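All remarks here apply to the structure that follows.
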Amino acid sequence: MASLSNGHDPNPDPASIKIKFTQLFINGQFVESVSGKTFETIDPRTGDVIARIAQGNNDDVDVAVQAARHAFDSGPWPRMSGSERGRILMKWADLIEQHVEELAAIDAMDAGKLYQWCKMEIPSVVNILRYYAGAADKIHGEVLKMSGNFQAYTLLEPIGVVGHIIPWNFPSTMFFIKVSPSLAAGCTMVVKPAEQTPLSALFYAHLAKLAGIPDGVLNVVPGFGPVAGAAISSHMDIDKVSFTGSTQTGRVVMQAAAKSNLKQVSLELGGKSPLIIFDDADVDKAAELALIGILFNKGEVCAAGSRVFVQEGIYEEFEKKLVEKAKAWVVGDPFDPQAQQGPQVDKRQFEKILSYIEQGKREGATLLTGGKVAGNKGYYIEPTVFTNVKEDMVIAQDEIFGPVMALMKFKTIEEAIKSANNTKYGLAAGIVTKNIDIANTVSRTIRAGIIWINCYFAFENDVPFGGYKMSGFGKDFGLEALHKYLQVKSVITPIYNSPWL
Ligand code: NAD
């Protein structure tokens, strides 16, 4: 574990962080839950309670949906011009920018994320919001020539009331990649943050009100997945559910949508992404990239490069460098500027990762480094690398969502492609090579929604991100995400002398 006194500029003292918003945000007001129940949000650095949060259930989701429905059916938000919606969203972005350090500290404490990283993440979510604010007045259909005496035009209309169910690994980014395009489209919504990390979403709701987002447009209902989340996915008056989380829960959400009102569904789900490193790679840089691919955000990243395939010519040297770097990686308090990896989000996730590590050992994989708990309190786990991993082992197939890498060796490009595609997931993939033919061949044959060549985790507001196969469907980012929250209406008219009038 890193020590807290390291000579760097001090980060904020977590004990000084005040939690201001703990109630549900419905129809522009902070309110208690109908049941009066609350739940604890926990600091994963210690296991201590940060705050008690109002616990939403079916009744609260109902009240929030009624507010969102009223705001959609008769409120100003879907009716105002796109430029006016964009202006209000820009104002919200400005207000968030005034609270970067406070919001960064809240996410760091709630999710165990590095404070220094969160300080960069909050400005990047402000940019996401500004990107969609700028798109709000650029939503238009087409004019279409029809055969005979007719023409058509299409209208792009907001889909209605949206339910957003979001995970805990990037509480702020996940909130804004869902909320921003749907607000820009003119939708109203109920957002359920993950029960592990409800704090920043409530802060954003407070700032939304100050920015002038009308009451009822954005409602935030924290609560547990099988209760508040299920109430959203099965609600008869929600028009679309946008879910990000595990593949297992995505299936339940889709079933609930089908069994209720056949609401539209988009699913951003799990991954077991391959990083393929060829013989011509710079071994040192490739080892660094592979390490970041699995250890960034303590491995709690849907697109983590959790299966690393290395060509046999450089395998031994790569393995040696990777292990050296993994041993030097600093696990520690996320408020310590020297720490590179904080605690897993909660006890359940921590225990789940440790049980996968035990499973890897039992299955006969070789533990090269790590595999143990780090420190003596909180939910820290050492960077862990397994080798001699067989493709059918559970640690090569299941999404572990922690700092655990499965390292494998390959001979030929064909073998690498076959192995990389040997997964039910298809979220992302990475390729390291200087050979353009190899890069082109592999990027076209891997079944995944995003391919990084000689880089990893490069994101941009304009670049769509989302899965193939059981990693889901419906893209985040880019104008593709805006269109998830719009529906097309075709209007047809005779060009002259209507035969029916
Ligand atoms: P999870 O599926 O357990 O929970 C995600 C959200 O769903 C939470 O808000 C939770 O409360 C809610 N939920 C749980 N049960 C529900 C139910 N029965 N009905 C409705 N909602 C329910 O996932 P998690 O463990 O919290 O998050 C990690 C998972 O999310 C990983 O699989 C990861 O890959 C995935 N993820 C994917 C992306 C992406 O863009 N593809 C991004 C981040 C996380």
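The values are calculated or read from the model by the stated rules, or taken from the named source; none is laboratory data. This one's a predicted model, so the numbers in the text were calculated from it and none came from an experiment. Positions of Cβ are generated from backbone atoms using ideal geometry, with glycine treated the same way; all protein chains shown enter the neighbour counts. Areas reflect the complete protein model, heavy atoms only, side chains present, ligands, DNA and RNA absent. Shrake-Rupley method; radii C 1.70, N 1.55, O 1.52, S 1.80 Å.
If amide H atoms are built 1.01 Å from N in the plane of the peptide, which residues on other chains or at least 5 residues away come under 5 Å of the amide H of Trp452?
Ala429, Gly430, Ile431
Once both labels are modelled 7 Å past Cα along the beta-carbon direction, what's the Asp279-Leu262 spacing in nm?
5.6
Within segment 192-278, which chymotrypsin sites (Phe, Trp or Tyr not before Pro) sit in a loop by DSSP and count at most 16 neighbouring Cβ atoms inside 10 Å?
Passing sites in segment 192-278 are Phe224.
Rolling a 1.4 Å sphere over the protein heavy atoms, what is the accessible area per residue of the chain, to the nearest Å²?
Per-residue value: 41 Å².
Over the alpha-carbon set of segment 358-501, divide Rg by the Kirkwood Rh and report the Rg/Rh ratio to two decimals.
1.20
Determine the order of Lys418, Lys37 by accessible area, beginning with the largest, at a probe radius of 1.4 Å.
Details: Lys418 155, Lys37 120 Å².
Per-residue accessible area, sorted high to low, gives Lys418, Lys37.
Using only the alpha-carbon atoms, how far is helix 115-135 inclined from the longest principal axis of the chain? Give it as 0 to 90 degrees, nearest 10.
30
Could you order Cys455, Cys187 so the one with the most accessible surface comes first? Probe is 1.4 Å. If you can, show how the numbers build up before the last one.
On the way: Cys455 45, Cys187 0 Å².
Highest to lowest solvent-accessible surface, that is Cys455, Cys187.
If you roll a 1.4 angstrom probe over the protein chains with everything in place, what fraction of the accessible area of segment 197-241 belongs to carbon and sulfur, to the nearest %?
Details: 720 of 1100 Å².
For segment 197-241, the apolar C and S fraction of the accessible surface comes to 66 percent.
So what's the net charge close to Lys119: Lys and Arg +1, Asp and Glu -1, counting the other residues with Cβ under 11 Å from its Cβ?
-3
Against the longest principal axis of the chain, how steep is helix 82-97, in degrees 0 to 90 to the nearest 10, with axes from Cα atoms?
40
Check the straight Cα-Cα distances from Lys469 and name the aspartates and glutamates below 20 Å, setting aside those fewer than 8 residues away within the same chain.
Cα-Cα hits under 20 Å: Glu268, Glu391, Asp392, Asp398, Glu399, Glu480.
Starting from 0.36 nm per residue, how many nanometres of slack lie between Val394 and Lys320 once their C-alpha separation is accounted for?
Value of the extension gain: 24.2 nm.
Dimensions of the chain along principal axes (Cα, Å, largest first)?
Ordered largest first, the chain gives principal extents of 80, 59, 41 Å.
To the nearest 0.05, what FRET efficiency results for Lys37 and His206 with a Förster distance of 30 Å applied to their C-beta separation?
Computed FRET efficiency for Lys37 and His206: 0.85.
Within the set Lys352/Lys418; Lys298/Lys372; Lys18/Lys119; Lys285/Lys475; Lys272/Lys352; Lys113/Lys377, which residue pairs have Cα atoms separated by over 19 Å?
Lys352/Lys418; Lys285/Lys475
For Lys424 and Arg444, FRET efficiency with R0 = 25 Å and r from the beta-carbon atoms, rounded to 0.05?
Computed FRET efficiency for Arg444 and Lys424 comes out at 0.75.
How large is the accessible surface of His70 in square angstrom, using a 1.4 angstrom probe and rounding to the nearest 10?
We get 120 Å² for His70.
According to the Cα gyration tensor, what semi-axes, each the square root of 5 times an eigenvalue, does the equivalent ellipsoid of segment 191-279 have, listed from largest to smallest in whole Å?
Each semi-axis is the square root of five times an eigenvalue, giving 27, 21, 12 Å.
How large is the accessible surface of Asp215 in square angstrom, using a 1.4 angstrom probe and rounding to the nearest 10?
Using a 1.4 Å probe on the heavy atoms, I get roughly 70 Å².
Can you give me the pair-distance distribution of segment 1-110, C-alpha pairs, 5 Å bins, whole percents?
2, 9, 12, 14, 16, 16, 13, 8, 5, 3, 2, 0
For the chain, take the longest principal axis of its alpha carbons; what is the angle in degrees between that and the long axis of helix 100-111, to the nearest 10 within 0 to 90?
With rounding to tens, the tilt is 60 degrees.
Accessible area, 1.4 Å probe, largest first: how do Arg307, Arg362 sort? Could you put the intermediate results ahead of the total?
Numbers: Arg307 5, Arg362 175 Å².
Largest accessible area first, the list is Arg362, Arg307.
Assuming R0 = 45 Å, can you tell me the calculated FRET efficiency for the pair Ala15 and Glu358, based on Cβ-Cβ distance, to the nearest 0.05?
Taking R0 as 45 Å, the efficiency between Ala15 and Glu358 is 0.80.
Ile314 accessible area, nearest 10 Å², 1.4 Å probe?
20
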